[in-house]
1. How far, in degrees from 0 to 90, does helix 426-438 lean away from the longest principal axis of the Cα atoms of the chain, to the nearest 10?
2. Compute the distance from the alpha-carbon center of the range 293-338 to that of the range 103-129, in whole Å.
3. How many nm separate the modelled label positions at residue 324 and residue 92, each set 7 Å beyond the Cα in the direction of the Cβ?
4. Around residue 97, with a cut-off of 12 angstrom between Cβ atoms, what is the net charge of the other residues, counting Lys and Arg +1 and Asp and Glu -1?
5. When Lys and Arg each count +1 and Asp and Glu each count -1, what net charge do the other residues less than 11 Å away from residue 190, Cβ to Cβ, add up to?
6. Taking all pairs of different Cα atoms in the range 134-221, averaging 1/r and flipping that mean, what Kirkwood radius in angstroms comes out?
7. Hey, fewest Cβ within 10 Å first, where do 93, 616, 124 land in order?
8. Give me the tail of P(r) for the range 245-300 as a percent: Cα-Cα pairs with distance above 15 Å.
Amino acid sequence: MKAFSSFYLKIKNIFFSGGKGSVTDSRANLDRKLVYSLTKSRIPNFAQIKYLKKFLNPKEIWWIRLSFLVIIISLFFLGARFYTIHLATVSARGGEYSEALVGAPKHVNPLYSGFSDVDSDIARLIFSSLFKYNSDGQLVKDLADSYEISADGKTCVVKLKEGVKWHDGSTLTANDVIFTFNTLKNADYKSPLRATFAGVDIEKVDDETVKFDLSESYAPFTDLLTFGIMPQNLWSEVPAEGAELAELNLKPVGSGPYKFKSLSKDTLGQIKSYSLSANDDYYGGRPNIDTVTFKFFVSPEEAVQALNDNVVEGIGYLPKRLAAALTAKNSYQYYKLNLPELTAVFLNQKNNPLLSDVKVRQALAYAINKSSIVNDIFGGDARIIDGPILPENFAYNPDIHTYPYNQASAAQILDDAGWKVAEIIPADVVSLEQSKNKSKIKPEDENKLAMGAGRWRTKDNKFLTIKLTTVDTDENIQVAERIKQNWEALNIKVVLKTISASQIQNDVIRPRNFEALFYGQMVGNNADAYVFWHSSQVGDAGANLSDYSNKEVDQLLEDGRLTTSQDDRKTKYQRFQEIITDEVPAIFMYSPFYTYSQNKNIQGFNVSSIQIPADRFANISDWYTKTKRKIIW
């Protein structure tokens, strides 16, 4: 420390001393005055500093060098820390993305896109809507800047965002919304959305505001306003009878994040690719990726092969059966998206009176090993569900009665309900067959003969038998076989029946020609389950497959549609779930995932739940293939 103090004083005297002292000091002062007359700066310059060695000893020189080393190291670490904390890799504009789809586009417009997943996928990127579903499957505003629903729920006023531009540069106004809505409702256009808006009218408030008038209150009305808005100035020139053939179907103009760029056809006139370019004027912010191209194939197998051959970077849907066909599995991201679809075993008590006993229905529910089905048959590509409303829904009730796999509990419930196990040995069957050939046999013996040899549940001279029906797809048959095994382990006779998808509606569902039906329904994220469980929806025209009827459930579903209070709706729908799961008109099984696959070079995908496959593009503006370094404070 003493050496350092001496060193400091020496430096000070060399450059800054100006006081009185010895003759030497006086001579030094004169030298300094001469130096100061040449330079007014009191900070030593490089020319002065280089003479330090003549005034400092080696030890002092060593201290200076050490100090400079410490300063350099400190600056290095400060720079590294700044780089680590404030310099980040972020998405950058540019690049392309290509995706394989099965099929080909035909009507890329909101009037008809609902007929085809391909049309719906492309339309999702080109057109905007008043409301849309976000990455979590929740309804959010899109073109709507704000909205207000009247106290009686019969009026919905929507104010549009200002300055929204069509892809041709013109401004989107309330006139476009009114034109699109009235076109959808016009029977001459034959849009599948027409029935959705029966009893709803629209009127213009001003250039940026529209008002919807409903004949009766419908709480989730805004969920219906997710159709794309079309430009009036272009479509008004197309007559209704020619709408399906208009060029605008394949070269559309919208206001979404991407706009039509080009399409290519093969020698037979079939569309093979369809390219979109980023919309620089998109009100939601220009997407990162410059170009999105869809390439079309006739089968999922061809689409997967295109992915293997690096012809595309993603595939619209990856069937589980083809996942193993991907050759470079580690090169892809596999996204399992929640899909608002549930599968259940719907129980028809009218066709099988034995199912009228709630104890029997509960036992059947406990007997099914849903975990085994999801893991063994679907490889985890599905999630177990326990009720009619899915977990991501705002009204989901986590406290409903569940039926985890428990054969012992199921057996005990049947025992307590009087269903005892009786054995029919092969010799008895032979004897009954011989008796039947000779003369009439008793009804109870006829039942035994129909059951065949085995240990079966019986009560009041009736055997517990169930006919299980399903669509004849590989997965459905595997699941139905597993259910059959689980129920027969309880000594219940099960007869499995399969039917083609083309016949299921007319031959089974509409006439309710089943006892137990394993089937899937698209229920949506809307909590409104009226069409699936209200008693008005029983019979051949409704979707209440179990023909379930409960006055309290009816009232809850009616009130849930009418009230505009989210809290009140939640309370009513949670009670509805409790009743359904207690009474077990259906055994809820699982909800399949929608598997979406992309090359790992595509970054930014952040979707977890979808309503329809096209919703996988909910955050496409955030996707990116290129990056840059950016200072972030």
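1. 40 degrees
2. Here the answer is 21 Å between Cα centres.
3. 4.3 nm
4. -2
5. -2
6. Result for the range 134-221, one decimal place: 14.2 Å.
7. With the fewest neighbours first, 93, 616, 124 line up as 93, 616, 124.
8. Tail of P(r) above 15 Å: 56 percent of Cα pairs.
Read-outs throughout are calculated quantities, based only on the coordinates presented, and are distinct from any laboratory measurement. As the structure is a computational prediction, the values presented were derived from the model and not from experiment. For neighbour counting, all protein chains shown are included, and Cβ atoms are generated from backbone atoms with ideal geometry for every residue, glycine included.
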